[in-house]
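Peer 1: For reference, the structure I am asking about is given below.
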Amino acid sequence: MTSTPPPPADAAATVPALRVGMVGHAFMGAAHSHAWRTAGRFFDLPRRVEMAAVCGRDAASVRASAERYGWESCETDWRALVARPDIDVVDICTPGDSHAPIALAALAAGKHVLCEKPLANSVAEAEEMAGAAERARAAGVRSMVAFNYRRVPAMALARQLVADGRLGRIHQVRASYLQDWLVDPEFPLAWRLRKDRAGSGALGDLGAHSIDAAQYLTGRRIASVGALLETFVTERPLPASSSGLSGTASGERGAVTVDDAAVFTARFEGGAIGVFEATRFATGHKNAMRIEISGSLGSIAFDAESMNELAFHDRTEDAATAGFRRLLVTEPTHPYMDAWWPPGHLIGYEHSFTHQVRDFVTAVAEGTDPRPSFAEGLQVQRVLAAVESSAAALGVHIPVTS
Ligand code: SOE
């Protein structure tokens, strides 16, 4: 006699939960919400993500975000969210001026922390955060900075090519991050234009991504910089409202206290040199996060506006046919891509956040250190500070003789 086998156990129910609380629910909050919701549906995560609570100061709008993005509950004070015993992870998606207090409180409460970039508004804050993260680590508490471009498959493939020696000795890095959403002088003075809220302008918002990408891809730290910062529009209307990269103007005006554009050169440990540009005034460019690396054996080039592609030149090939080849990074053998669509079916910006959640949750579950760590975030902060110091000491700019 054959007996009917018992129904399979509900696999999802046997996976332990990881309960997340997110602070901030504008542009980055939306991107992170999507990632928390999606990661476990496409990747086999070792923890079942539960979107426990979202926090924002305005009760009505945070409730609307909770409903829209699927958070179980909401809070209007981040301290209340951090104090909740049912929350394991605090995800920080707020402007830079609140990263340090939220992260420090969360780490002290034994919560794992995912923090948006740049890590802080100053080196002093970042040092405190990195110190707290290191102490918490001893108790099994994990922390990570959200430099999401590391998780674009083409970028992760570029890292593999460099690490495998396919570029040989790295000589030069060219990194630019070009946007144009501030070119209208009547665009309101949103928080990203205020030093007290954002720390710096295009430099910290965009340049931080380029610095992290350059160091991640080359495996080398930036050792020194020489820089120029510029603010083209020094006064703007105060915002009547603003969210993400949009806003409406009020009748009053205020001073812009950050850079609109930053350019700098860099020396890397190990001898490579680099040139960097970060701007929100590159008319026609919406989100062109580009990086090119030239080595003795070849080069790679990436542009976030074509993020499924990586250009690769292998100098060891026959010179007659060698040249930049466009790799379509959609094969199941490419980083992260086995979870998605058949080859050639493209993925987008939001997937980098989903991959970020996948890596963070995996590290938390396995008790390993997710990267980039707060220590790496601190190092980026030190580069940002060095750029500002160099720009302030403009004596290094030599007038051209006539
Ligand atoms: C605004 O310039 C912004 O949203 C950055 O803050 C993000 O880090 C970047 O990914 C896109 O642009």
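Peer 1: Relative to 2.2 N^0.38 Å, what does the C-alpha radius of gyration of the chain come to as a ratio? Two decimals please.
Peer 2: On the way: Rg = 22.2 Å, N = 402, 2.2 N^0.38 = 21.5 Å.
In units of the 2.2 N^0.38 Å rule of thumb, it is 1.03.
Peer 1: Sticking with this structure for a sec: What net charge is computed for the residues neighbouring residue 240, neighbours being all others with C-beta under 14 Å from the C-beta of residue 240, Lys and Arg scored +1, Asp and Glu -1?
Peer 2: On the way: positive: 236, 253; negative: 186, 252.
Value of the local net charge: 0.
Peer 1: Taking neighbour counts of Cβ atoms within 10 Å as a proxy for exposure, in what order, fewest first, do 54, 82 appear?
Peer 2: Numbers: 54 31, 82 24.
Going from least to most buried by this count: 82, 54.
Peer 1: What translational D, rounded to a whole number of µm²/s, comes out for the stretch 121-237 from Stokes-Einstein when the hydrodynamic radius is the Kirkwood one over Cα pairs, at 25 °C and 0.890 mPa s?
Peer 2: Values: Rh = 17.2 Å.
The Stokes-Einstein estimate is 143 µm²/s.
Peer 1: With a cut-off of 8 Å between alpha carbons and a minimum separation of six or more residues, what is the relative contact order of the chain in percent? Walk me through the numbers before you get to the answer.
Peer 2: Working: 862 pairs, mean separation 78.0, N = 402.
That works out to 19 percent.
Peer 1: State, as an integer percentage, the relative contact order of the stretch 277-402 based on alpha-carbon contacts under 8 Å between residues 6 or more apart.
Peer 2: Values: 106 pairs, mean separation 13.7, N = 126.
Reported relative contact order: 11 percent.
Peer 1: Between residue 134 and residue 267, what is 0.36 nm times their sequence separation minus the Cα-Cα distance? Round to one decimal in nm. Write down the numbers at each step before the final one.
Peer 2: On the way: separation 133, 0.36 × 133 = 47.88 nm, distance 2.79 nm.
Once the chain is fully extended between residue 134 and residue 267, it gains 45.1 nm.
Peer 1: Calculate, in nm to one decimal, what residue 73 and residue 296 gain on full extension: separation in residues at 0.36 nm each, minus their alpha carbon distance.
Peer 2: Details: separation 223, 0.36 × 223 = 80.28 nm, distance 5.41 nm.
Stretched out fully, the residue 73 to residue 296 stretch lengthens by 74.9 nm.
Peer 1: Just to be sure I understand: with springs between alpha-carbon atoms less than 10 Å apart, which residue in 24, 96, 284 has the highest mean-square fluctuation in the Gaussian network model of the chain?
Peer 2: 284
Peer 1: If R₀ is 22 angstrom, what is the calculated FRET efficiency for the pair residue 80 and residue 48, using the beta carbon separation as r and rounding to 0.05? Mind dumping the intermediate values first?
Peer 2: Values: r = 24 Å, r/R0 = 1.09.
The calculated FRET efficiency here is 0.35.
Peer 1: How far, in nm, would the chain grow between residue 305 and residue 321 when pulled straight, counting 0.36 nm per residue and subtracting the alpha carbon separation?
Peer 2: Working: separation 16, 0.36 × 16 = 5.76 nm, distance 2.68 nm.
Answer, rounded to one decimal: 3.1 nm.
Peer 1: Next question. For the stretch 196-342, which semi-axes, largest first and in whole Å, follow from the square roots of 5 times the eigenvalues of its Cα gyration tensor? Mind showing how you got there, number by number?
Peer 2: Numbers: eigenvalues 252, 88, 35 Å².
Equivalent-ellipsoid dimensions as semi-axes: 35, 21, 13 Å.
Peer 1: What is the order of 67, 75, fewest Cβ neighbours within 10 Å to most? Can you show the working numbers first?
Peer 2: Working: 67 11, 75 24.
Result, fewest neighbours first: 67, 75.
Peer 1: Distance from the Cα centre of the stretch 174-215 to that of the stretch 62-133, in angstrom?
Peer 2: For the stretch 174-215 versus the stretch 62-133, the Cα centre distance is 22 Å.
Peer 1: If you don't mind, another one. Just going by the charge dipole of the chain, with Lys and Arg at +1 and Asp and Glu at -1 on Cβ, which of 16, 43, 199 is farthest out on the positive end?
Peer 2: 16
Peer 1: Please give the FRET efficiency for residue 246 paired with residue 160, using the beta carbon to beta carbon distance and R0 = 35 Å, rounded to the nearest 0.05.
Peer 2: Working: r = 37 Å, r/R0 = 1.06.
About 0.40, to the nearest 0.05.
Peer 1: Can I ask one more? Let me know the shape class of the stretch 62-110, please: from the alpha-carbon gyration tensor, a ≥ b ≥ c as square roots of the eigenvalues, rounded when a/c is under 1.5, otherwise prolate if a/b is greater than b/c, or oblate.
Peer 2: Working: a/c = 2.28, a/b = 1.40, b/c = 1.63.
Because a/c hits 1.5 or more and a/b fails to exceed b/c, the stretch 62-110 counts as oblate.
Peer 1: Classify the stretch 268-402 as rounded, prolate or oblate, taking a ≥ b ≥ c as the square roots of the eigenvalues of its Cα gyration tensor: rounded when a/c is under 1.5, otherwise prolate if a/b is larger than b/c and oblate if not.
Peer 2: Details: a/c = 1.88, a/b = 1.27, b/c = 1.48.
Cα axes put the stretch 268-402 in the oblate bin.
Peer 1: Which of 177, 336 has the fewest other C-beta atoms within 10 Å, and how do the rest follow up to the most? Present the calculation step by step, with values, prior to reporting the outcome.
Peer 2: Numbers: 177 29, 336 22.
Ordered from fewest to most neighbouring Cβ atoms within 10 Å, 177, 336 come out as 336, 177.
Peer 1: Now, a different point. Among all the lysines, which ones have a C-alpha under 26 Å from residue 195's C-alpha, if same-chain residues fewer than 8 places away are not counted?
Peer 2: 117, 286
Peer 1: Give, rounded to the nearest 20 debye, the magnitude of the charge dipole that the stretch 302-377 has about its Cα centre when Lys and Arg contribute +1 at Cβ and Asp and Glu contribute -1 at Cβ. Display every interim value, and only then the final one.
Peer 2: Working: 5 positive and 13 negative charges, 9 e Å.
Result for the stretch 302-377 is approximately 40 debye, rounded to the nearest 20.
Peer 1: Count the DSSP beta bridges whose two residues both fall in the chain, then state the antiparallel fraction as a percent rounded to the nearest 5.
Peer 2: Numbers: 43 of 72 bridges.
Counting DSSP beta bridges with both partners in the chain, the antiparallel share is about 60 percent.
Peer 1: Scan around residue 244 for amide H atoms under 5 Å from its own, H built in the peptide plane at 1.01 Å from N, and keep only partners 5 or more places away or cross-chain.
Peer 2: 27
Peer 1: Projected onto the charge dipole of the stretch 221-294 (+1 at Lys/Arg Cβ, -1 at Asp/Glu Cβ, origin at the Cα centre), which of 245, 229, 256 gives the Cα projection farthest towards the positive end?
Peer 2: Checking the options against the dipole of the stretch 221-294, the answer is 245.
Read-outs throughout are calculated quantities, based only on the coordinates presented, and are distinct from any laboratory measurement. Since the model is a prediction, treat every value here as computed from it, not as a measurement. All Cβ positions, even for glycine, are placed from backbone atoms using ideal geometry, and neighbour counts span all protein chains on display.
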